[in-house]
Amino acid sequence: MPTEDTDPTSSTTDREKSPFRLDGRTALVTAGVSGLGFEIARGLAAAGARVLVNGRDTERLTASVAAIQAEGGAALPCRFDATDEAQMGEALAAAGPLDILINNAGARDRRSLAHMEPDDFRRLIELDLVAPALLSRLAAPAMIAAGWGRIVNITSIAGPLSRAGDTAYTTAKGGLAALTRALAADFGPHGITVNAIAPGYFATAPNAAMVADPEVNAVLQRRTSLGRWGRPEEIAGAAVFLASPAAGYVTGHVLAVDGGYLAHF
């Protein structure tokens, strides 16, 4: 059993000076081609990690990797479909041992259960909940062998909160928070921490219509402590922290990055 959280690639002096550095670590970010996933990949690379950026579209994947490399980061494409177990296994075998896994891939279907077909419900649960479990299972053996690892699941404030017409997403994200706690208990004795980030309202491209809606903005101004949308790049710091030696004694935790949405009413 590991007695302390150390980075074998850095000297004691370097660790003391830079507890958030990820030099010598290899990270995989699923759905890292755009939005919050891209900003997380970019942040990990800036902290020194070698980042495998996952996506399904080759053109978008190439562009995202090139953008990180242009900033001096070490990034490589890792193409697979997070709902295809065979593809996941092949991709991780080819990638080699991972030190850090960021389970970011997900989808949303804003419908109530009464208006969803069973197969649509299953598909969303497969991507948002089952895929992170399977990827964690695939990544864990190398982390266990190394006695060090970081798994970070991207949940949502829709996990602890719910609203009508969002059944499958709320169910999946609540389950992902529970999976985080369960894996923290399973993997902790092997030196692996498992945590989650619960984003609030971020001004990403898929939310463009909501960002432009005065009514939504009025609600956020009233409902969040900071009174604004999150900027996509503001997610990166939480991911770097949870992936770094600085968070060596943090596990089973869901860190809300939501401008105070959960704390404010």
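Brief remarks follow.
- Just one residue in the set GLY106, GLY55 is within 19 Å of ALA239 (Cα to Cα) and modelled with pLDDT under 95; that residue is GLY106.
- Residues (over 21 Å from ALA145 (Cβ atoms), buried (at least 23 other Cβ atoms within 10 Å of the Cβ) and in contact with a Ser or Thr (Cβ under 8 Å, 6 or more places away or on another chain)) located in segment 52-74: VAL53, ASN54, GLY55, SER64
- Any chance THR180 is β-branched (Val, Ile, Thr) and either in contact with a His (Cβ under 9 Å, 6 or more places away or on another chain) or within 28 Å of LEU22 (Cβ to Cβ) (or both): yes
- The set of residues in segment 31-58 that are at positive phi and out of contact with any Leu (no Cβ under 7 Å at 6 or more places or on another chain) comprises ALA31, GLY35.
- Scanning segment 21-33 for residues that are outside any loop (DSSP other than H, G, I, E, B) and either of a type outside the set (Val, Ile, Thr) or under 14 Å from the mean Cα position of the chain (by Cα) (or both) turns up ALA27, LEU28, VAL29.
- In segment 80-91, the residue that is farthest from LEU138 (Cα to Cα) out of those that are surrounded by 17 or more Cβ atoms within 10 Å (Cβ to Cβ) and touching a strand residue (DSSP E or B) at 6+ places or on another chain (Cβ under 9 Å) is PHE80.
- Within segment 151-172, restricting attention to residues that are assigned to a loop (DSSP other than H, G, I, E, B), in contact (Cβ under 8 Å) with a residue 40 or more places away in the chain and of a type in the set (S, T, N, Q), the residue that is nearest to GLU126 (Cα to Cα) is THR155.
- Members of segment 165-200 found to be more than 13 Å from ALA140 (Cα to Cα), of a type in the set (Ser, Thr, Tyr) and at pLDDT 95 or above, listed by number: THR180
- From the list SER136, SER112, SER156, the lone residue that is closer than 24 Å to PRO232 by Cβ and of a type in the set (Ser, Thr, Tyr) is SER156.
- Test: residue in segment 141-150 that is among the small types (Gly, Ala, Ser), part of a loop (DSSP other than H, G, I, E, B) and crowded, with 19+ Cβ neighbours inside 10 Å: no
- Single residue of GLY188, GLY175 found to be in a helix (DSSP H, G or I), more than 14 Å from the chain's Cα centre (by Cα) and farther than 23 Å from ALA49 by Cα: GLY175
- Count of segment 34-84 residues, restricted to those that are touching a helix residue (DSSP H, G or I) at 6+ places or on another chain (Cβ under 6 Å), of a type in the set (Lys, Arg) and in a loop (DSSP other than H, G, I, E, B), is 0.
- Any hit, segment 171-189, residues being surrounded by fewer than 18 Cβ atoms within 10 Å (Cβ to Cβ), of a type outside the set (S, T, N, Q) and touching a helix residue (DSSP H, G or I) at 6+ places or on another chain (Cβ under 7 Å): no
- Single condition ASN207 does not satisfy, out of (1) buried (at least 20 other Cβ atoms within 10 Å of the Cβ); (2) out of contact with any strand residue (DSSP E or B) (no Cβ under 7 Å at 6 or more places or on another chain); (3) of a type in the set (S, T, N, Q): (1)
- Taking segment 85-115 as the range and being within 26 Å of ALA145 (Cα to Cα) and assigned to a helix (DSSP H, G or I) as the test, the residues that pass are GLU85, ALA86, GLN87, MET88, GLY89, GLU90, ALA91, LEU92, ALA93, ALA94, ALA95.
- Extreme residue, farthest from ALA41 (Cα to Cα), among residues of segment 194-243 that are part of a loop (DSSP other than H, G, I, E, B) and in contact (Cβ under 8 Å) with a residue 40 or more places away in the chain: THR224
The values are calculated or read from the model by the stated rules, or taken from the named source; none is laboratory data. Since this is a predicted model, take the numbers as computed values, not measurements. FYI the Cβ positions are ideal-geometry reconstructions off the backbone, even for glycines, and counts take in every protein chain you see.
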